[in-house]
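Before any comments, here is the structure.
No lab work stands behind these numbers, since they all come straight from the coordinates. Not measured: the values here are computed from a predicted model. With ideal geometry, Cβ positions are generated from the backbone for all residues, glycine too; neighbour counts draw on all protein chains shown.
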Amino acid sequence: MKILIVGSGGREHAIAWKISKSPRVEKIYCAPGNAGIAGIAECVPIDAMEFEKLADFAQENAIDLTVIGMDAPLVGGIVDVFEARGLRVFGPRKNAAVIEGSKVFSKDLMKKYGIPTAAYETFVDADKAIRYLETASYPIAVKADGLALGKGALICETFEEAKEGVRTLMIDRQFGEAGDSIVIEEFLIGPEVSALCFCDGTTIRTMTSAQDHKRAKDGDQGLNTGGMGTFSPSLFYTGEVDEFCKKYVYQPTMDAMKKEGRDFVGVLFVGLILTPNGPKVLEYNARFGDPETQVVLPRMKNDIVDVFEACIDGRLGEIELQFEDNAAVCVILASDGYPEKYEKGFPIRGLERFEGKNDYFVFHAGSRFGKDGAIVTNGGRVLGVTAIGTDLKQARAKAYEATEWIDFDNKYMRNDIGRAIDEV
Ligand code: AMP
Ligand code: GLY
């Protein structure tokens with residue numbers, strides 16, 4: 001088979017690596033890809049938002065399956081464009097990807113179908129939102145309705161902060177139209193778990209659990225980022241939590257989307273918070289998580305191409321997902337300054353140390369080839385260093401050991417990824 005992956009981050013690198021393990025696959029392309037992905041796939045210089053050009057490429061190159069990694073093309077309707085041309089594609093259609101593309105949609109869906117989530121109100125008018133905030137209790141979460149690179153959720157400690165948040169989103173329009181509507185939500189406390197699930201529109205199957213570290217600095221301080229590191233499995237995701245979520249969250253979400261005429265086919269990422277009153281949904285994403293994918297896929301035993309096809313063909317019920325009985329930890333190496341201002345273009349040294357190892361991985365998030373062909377930094381998140389161990393402690397020690405193999409100017413990482421491992 002010939003497979004095209006759409007995206008350019010660590011998630012797409014991990015997906016490409018996993019696809020490369022399938023004996024069914026002869027050639028992988030990635031658009032636009034990055035310098036690391038170029039080691040296993042042919043990178044194609046087409047932007048992920050150029051749907052027609054991507055579909056032309058798939059047609060001209062007889063691509064058997066296209067896998068969409070990123071959120072923005074999914075929310076923008078890339079799957080509909082491919083399907084209209086009779087091309088086989090893995091990911092939700094536009095009318096289902098809205099579960100990630102609009103927080104107002106997802107909150108209203110959960111309310112309508114009784115799926116546990118934080119209490120909330122939605123607003124399209126800044127003055128009304130601010131009036132509501134005057135009598136609210138704090139902290140409180142103020143969120144942009146639309147996509148905002150993982151930075152559209154503001155946790156506000158005081159009325160002044162929340163008011164400022166409303167201004168940033170609705171009046172200054174920091175995230176453009178994503179802030180035309182906002183959700184104001186009850187603040188919840190508890191460990192967060194990322195549950196990634198394959199879906200065929202009717203059946204939903206969870207992969208192994210993972211935990212992200214969203215804040216930029218040690219001790220969960222600093223700004224929210226796309227994710228600074230992950231580990232899998234999550235220590236908090238017990239059998240009891242899994243049972244609860246299967247019954248009250250995952251299947252009800254699948255059924256709700258079907259009832260709404262929005263069959264969800266693809267990966268549904270359920271962001272859970274485990275509160276003293278039980279698990280609640282913080283958010284849905286319509287795709288694999290990043291960097292969750294970098295710890296989940298290296299532990300997966302199945303041929304992922306079989307699973308993609310079962311989802312597309314509505315046969316997921318026939319597949320049993322299997323994961324190794326081990327653990328994985330991923331530490332993100334970022335450019336100092338991320339998620340705000342940072343410099344790029346610095347040579348990356350030490351990548352060769354990972355070659356030929358099957359328990360250490362370096363997935364590239366933001367890298368490109370420099371003028372002399374050397375690999376240089378090209379983003380806020382640069383690399384994800386993942387290690388597999390027999391347990392989380394061993395995986396963490398190995399991952400941090402491997403972060404030392406890599407060197408680039410302005411290299412920054414959190415030093416406490418997997419901190420929770422010692423707390424349970
Ligand atoms: P979201 O984009 O909605 O997942 O929010 C990003 C992050 O903000 C989450 O992973 C949480 O850490 C935090 N967060 C969002 N909503 C809430 C909430 N209602 N209570 C507590 N923390 C929240
Ligand atoms: N790591 C969180 C996300 O992919 O949205």
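Packing here is the average count of other Cβ atoms within 10 Å per residue, and on that basis the peptides 264-274, 59-69, highest first, run 264-274, 59-69.
Note on region 207-285: the alpha carbon radius of gyration divided by the globular reference 2.2 N^0.38 Å gives 1.24. For the cross-link pairs Lys128/Lys163; Lys112/Lys246; Lys27/Lys371; Lys280/Lys301; Lys246/Lys393, the ones whose C-alpha atoms lie over 20 Å apart are Lys27/Lys371; Lys280/Lys301; Lys246/Lys393.
In the elastic network of the chain, a GNM with C-alpha springs shorter than 10 Å, the most mobile of Val75, Val89, Val376 is Val376.
Taking springs between alpha-carbon atoms closer than 10 angstrom, which of Asn326, Asn224, Asn378 fluctuates most in the Gaussian network model of the chain? Of Asn326, Asn224, Asn378, the Gaussian network model singles out Asn326 as fluctuating most. Here's how it looks for Asn302: its modeled amide H is under 5 Å from those of Gln322, which are all 5 or more places away or on a different chain. For the peptides 115-123, 140-148, the ranking by packing is 140-148, 115-123, with the highest mean count of neighbouring Cβ atoms within 10 Å listed first. Listed peptides 47-55, 3-11 appear in the order 3-11, 47-55 once ranked by packing, highest mean of other Cβ atoms within 10 Å at the front.
Helical runs assigned H by DSSP (4 residues or longer) give the chain a calculated mean residue ellipticity at 222 nm of -7000 deg cm²/dmol, each run adding -39500 (n - 2.57) before division by the residue total. Give the residues of region 7-23 whose amide nitrogen is closer than 16 Å to a point set 7 Å from the Cα of Gln322 in the direction of its Cβ. Backbone N within reach: 22-23. For the cross-link pairs Lys214/Lys411; Lys18/Lys107; Lys217/Lys357, the ones whose C-alpha atoms lie over 26 Å apart are Lys18/Lys107; Lys217/Lys357.
Mind checking which of Ser181, Ser209, Ser194 has the largest fluctuation in a GNM of the chain, springs on alpha carbons under 10 Å? For the chain, modelled as a Gaussian network with Cα springs under 10 Å, the answer is Ser181.
Phi-derived couplings, Karplus 6.51 cos²θ - 1.76 cosθ + 1.60 at θ = phi - 60°, listed residue by residue for region 127-137: 4, 5, 4, 5, 4, 4, 5, 4, 10, 7, 9 Hz, with x used for Gly and Pro. Less than 5 angstrom separates the built amide H of Phe187 from those of Ala141, all sequence-distant by 5 or more or on a different chain. Label sites at Ile171 and Ala119, each approximated as a point 7 angstrom past Cα along Cα to Cβ, lie 2.8 nm apart. Taken one residue at a time, the phi angles of region 11-18 give Karplus couplings (6.51, -1.76, 1.60, θ = phi - 60°) of 4, 5, 5, 5, 5, 4, 4, 5 Hz. Gly and Pro are set to x. Taking amide H as placed 1.01 Å from N in the peptide plane, the amide H of Ala48 sits under 5 Å from none that are at least 5 places away or on another chain.
Straight-line reach from Lys247: which aspartates and glutamates fall under 17 Å, measuring Cα to Cα and dropping same-chain residues less than 8 apart? Excluding near neighbours in sequence, the set is Asp255. Rg over Rh for region 323-424 works out to 1.00, both radii taken from alpha-carbon positions and Rh defined as the Kirkwood radius.
Each residue of region 276-291 is assigned a 3J(HN,Hα), and the resulting list reads x, 9, x, x, 9, 7, 8, 6, 10, 10, 9, 6, 4, x, 9, x Hz, derived from the Karplus form 6.51 cos²θ - 1.76 cosθ + 1.60 (θ = phi - 60°), x at Gly and Pro. The residues packed around Pro139, meaning those with a beta-carbon under 15 Å from its beta-carbon, carry a net charge of -4 if Lys and Arg are +1 and Asp and Glu are -1. Based on the Kirkwood approach, the hydrodynamic radius assigned to the chain is 21.8 Å, with every pair of different Cα atoms included.
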